[in-house]
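Let me begin by presenting the structure, written as structure tokens, before commenting on it.
Read-outs: derived from the displayed coordinates by stated rules, not from any lab. A quick note: this is a predicted structure, and the numbers were derived from the prediction, not measured. Every residue, glycine as well, gets a Cβ built from its backbone with ideal geometry; the counts of neighbours run over all protein chains shown.
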Amino acid sequence: MGTSANIARQACVLGPGPGAADQFWQAHRRGQLIGLRTSGTTTGAGRVIVRSTDSWVDSLDAVAQRCALTPHDRIWIPGPMGSTMNLFAACLAVHNGVEWSSDKPECATIWQLTPARLSSLLDAGLPRSQRLREVIVAGDGLSRGLRDRATTRGLEVVHYYGAAEMSMIAMGSCRDDLELFDRVEARITDGTIWVRSPWLAQGYLQASADEPPSSGNPVPLRLETPAPLRRGDDGFVTVGDRGALAGRRLIVAGRDGAVTAAGQTVILAPLLDRLRHRAQGELFLLGLPHAALGQVLTAVVTRRDDLGPVRAWAREHLAGADRPRRWLWVPRPPLTASGKVDLRALALDLAGPADRPDAP
């Protein structure tokens, strides 16, 4: 995609602050491509994703319909606009004439949250407001148990699966009932989810070292599609997420990671999918340092009463390296600024002092 026509075009790299939504709409009026910074919480390296504004705007009416938005709503969007899910929610609000803010959740009718933030807020008790009616949950898979906790509080729950590079892919009420979004096609190849739709990004911005992307300013555009984004000749793309497809129902297992213990490598995504269905709260898999084994496969749950039942199920149904050797309860895992569980920080918190990178 590095043609002279692409190089001649310019992309406006949006900043992480509250003005990002205004920058988005200014770029839209100019017909200008935008650059969205990612935090790198999944891949370990932040990037600037280039897309047309239409690749979001043309989907906003359908999203609003799914969320039953009205002009009387007000959306609370905690977290920075540098998170694409937060910026998308702000653009959704502006497009539909809905007020939004990053503070005063007690005044909102709708909250946009990650599953981790929803869990924390349910634990703390929802603010006493007669206005709150719905939560839009994204950024990670929403468990059926957490959805049920919200619905028992009288809340409607809308959950979606997407990626910064592919925008909206599937919607439902939790990760167990996701259906492909409007005009989205999907296929599974070797267990990997491939998507084709009008909502795809064009690639990653590669700026020269002497002309780095600066927030809100146009930069010369040179597009590349290195990992994790891969593009097929037929227009399907993937970021490496694993899953399965039944008609238009999409089952998302997550992105491959691996733990190697005593010379045996365990691919985490399919194992995590099996274990999560047995937990009422959230469950994560980590490889924690071990002096003799290299790593030890560790299961972390956020509800203490999940430890016994899920561990018993694993003892009966999992064998060899697939069976976690450590089981830990962490009710409030560390979060990134955008509200996702920070697995790298969690692993550091759980590692022994001698295993930390800064240990003497």
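Of note:
- When you count the other C-beta atoms within 10 angstrom of each residue and take the mean per peptide, 180-192, 248-260 line up highest first as 248-260, 180-192.
- Gyration tensor verdict on the range 158-202 (Cα atoms; rounded if a/c is under 1.5, prolate if a/b is larger than b/c, oblate otherwise): oblate
- Each Lys or Arg adds one and each Asp or Glu subtracts one; over the other residues with Cβ under 15 Å from the Cβ of Gly172, this totals -2.
- The Cα atoms of the range 224-321 give a gyration tensor whose axes a ≥ b ≥ c have a/c of 1.5 or more with a/b no greater than b/c, which makes the shape oblate.
- With bins 5 Å wide beginning at 0, the percent of Cα pairs of the range 55-197 falling in each bin runs 2, 10, 20, 24, 21, 14, 6, 3, 1, 0.
- Within-15-Å neighbourhood charge of Asp22 [Cβ basis; K, R +1; D, E -1]: +1
- Summed residue charge, Cβ within 13 Å of Thr84's Cβ, Lys/Arg positive, Asp/Glu negative: +3
- Cα-based shape type of the range 16-108, given that a ≥ b ≥ c are square roots of the gyration tensor eigenvalues and the cut on a/c is 1.5: oblate
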